[in-house]
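Okay, so here's the structure we're looking at.
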Amino acid sequence: MKNILFHRTHTTQDELDAVATAIKSGWLTMGPKVMEFEKEFNYYIGSKNAVMVNSATAALHLALKAIGVTRDDEVILPTNTFVATAEVVTYFDAIPILCDIEYDTHNIDVSKIEALITKKTKAIIPVHFGGQPCDMDELYSIAKKYNLKVIEDAAHALPSSYKGTLVGNLPSDITCFSFYATKTLSTGEGGMATTNSNAYAKSIGINRLHGISKDVWDRYSGGGWEYDIVDNGNKYNSTDINAALGLSQLKKLEWMRDKRASIAKRYDEAFKGKIETITIKEDRETSHHLYVIKIDNRDELYNKLKEQGIGTSVHFIPIHKHSYYKKKYNYKNEAYPIANEVFDKSLSLPIYPDLSDEDVEYIIKSVLSA
């Protein structure tokens, strides 16, 4: 029997050498490698600013702080997302306002956003599910009409593009990426915020390290020992070790995307007319971070594939179903019928560069014969 993990990060000697070099430099925390990674990432995306932090959660938190979210503000986001998207809103004693999703894409249903807007609404956080960008033009139109900020949760969307523009360089206020172990570019733990606003970038940069006016590298590389606390910040900085991993992974980012795309194509061809999958809209390109099928016997299939040595997962348990959020905000299950149906049916299959052709064929046959 095979043992196919749900995900395995693609690493080679390049990553080992990069990390070893960072360690041998004697500088382990945030330093020159972080700055180099920010510069190279920024160059790739095409935005004016990129700020590295230790997670996408941290990036989202500091993004909301940068735009001025405060107590009792409301932030609209899809219920079909990982808890971090809602969690960061609660850090401000603000309120996550959940929106239902589209059945075909699993992205936020933009047509349902306006009904959720009140005088307290501050921002919208679209989540690019599986890497497919949301309907951003329609979302920007709503945001402009009601003077709302847009913070993209692009944890899945590297590299993805919308109408020819890379996610991270769209006209949103801030875009937040994840470099977690399962993501399309991994630094183990890590995240990045990109923005074309110098003011937002400065706020995120200062608040990732306690609100200090200088970062550690500045103070210990000849910049002087004096510093000032100019804001009530957080300990969200990343390290040169993580950044070294990121630099190595960035060089093969598009190759890894193409490998996932080829696997997705094989799945599409095998499941066409037999198993329901997510629709990718013609005017956008996905990173293929996830490959989700929808079946009525989801849990039965999950267990059968597990017995055959195939790891799978479910993305996501909707926010409104989690006990803490349900009790705290009184979310009603019936308010999110599409998210509920999608959750009941969805199963994510393995899709990563290190899957062999034989692995992919084994997965396909196992799914179709279950």
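The values are calculated or read from the model by the stated rules, or taken from the named source; none is laboratory data. This structure is a prediction, so every number in the text was calculated from the model and none was measured. So basically every Cβ, Gly included, is an ideal-geometry build from the backbone, and we count neighbours across all protein chains shown. When the accessible area is computed, the model is the full protein with side chains, heavy atoms only, and any ligands, DNA or RNA have been set aside. Shrake-Rupley method; radii C 1.70, N 1.55, O 1.52, S 1.80 Å.
What to note about this one:
- Segment 34-53, residues that are in contact with a Leu (Cβ under 9 Å, 6 or more places away or on another chain), in a helix (DSSP H, G or I) and open to solvent by less than 60 Å² (accessible area, probe 1.4 Å): F37, F41, Y44, I45
- For first residues located in segment 249-278 and free of Cβ contacts under 8 Å to residues at least 40 places away in the same chain, partners that are surrounded by 17 or more Cβ atoms within 10 Å (Cβ to Cβ) and lie 6+ apart or on another chain with Cβ distances below 6 Å form the pairs A261/H288; T277/F271; T277/I293.
Listed here are the residues, each with its yes/no results for (1) more than 16 Å from the chain's Cα centre (by Cα); (2) touching a residue at least 60 places away in the same chain (Cβ under 8 Å); (3) buried (at least 24 other Cβ atoms within 10 Å of the Cβ).
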| position | (1), (2), (3) |
| --- | --- |
| N80 | no, yes, yes |
| T85 | no, yes, yes |
| V88 | no, no, yes |
| Y91 | yes, no, no |
| I95 | yes, yes, no |
| D100 | yes, yes, no |
| H106 | no, yes, yes |
| E114 | yes, no, no |
| T118 | yes, no, no |
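- Considering segment 339-360, and only residues there that are open to solvent by less than 20 Å² (accessible area, probe 1.4 Å) and assigned to a loop (DSSP other than H, G, I, E, B), the residue that is nearest to K259 (Cα to Cα) turns out to be P353.
- Residue pairs meeting the criteria (Cβ under 8 Å; at least 6 apart or on separate chains; first among the hydrophobic types (A, V, I, L, M, F, W, C), in segment 17-37; second open to solvent by 50 Å² or more (accessible area, probe 1.4 Å) and assigned to a loop (DSSP other than H, G, I, E, B)): A22/L28
- Of the helices (runs of 4 or more DSSP H) entirely within segment 239-338, those holding at least 1 residues that are under 19 Å from the mean Cα position of the chain (by Cα) and surrounded by 15 or more Cβ atoms within 10 Å (Cβ to Cβ) occupy 240-251, 253-271.
So that you can scan it fast, the table gives a plain yes or no per residue for (1) among the hydroxyl-bearing types (S, T, Y); (2) within 25 Å of N3 (Cβ to Cβ):
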residue	(1), (2)
K272	no, no
E285	no, no
K294	no, no
Y302	yes, yes
P318	no, no
Y325	yes, no
A339	no, no
S348	yes, yes
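- Residues located in segment 80-107, provided they are part of a loop (DSSP other than H, G, I, E, B) and either at pLDDT below 95 or under 20 Å from I280 (Cα atoms) (or both): N80, T81, D100, E102, Y103, D104, T105, H106, N107
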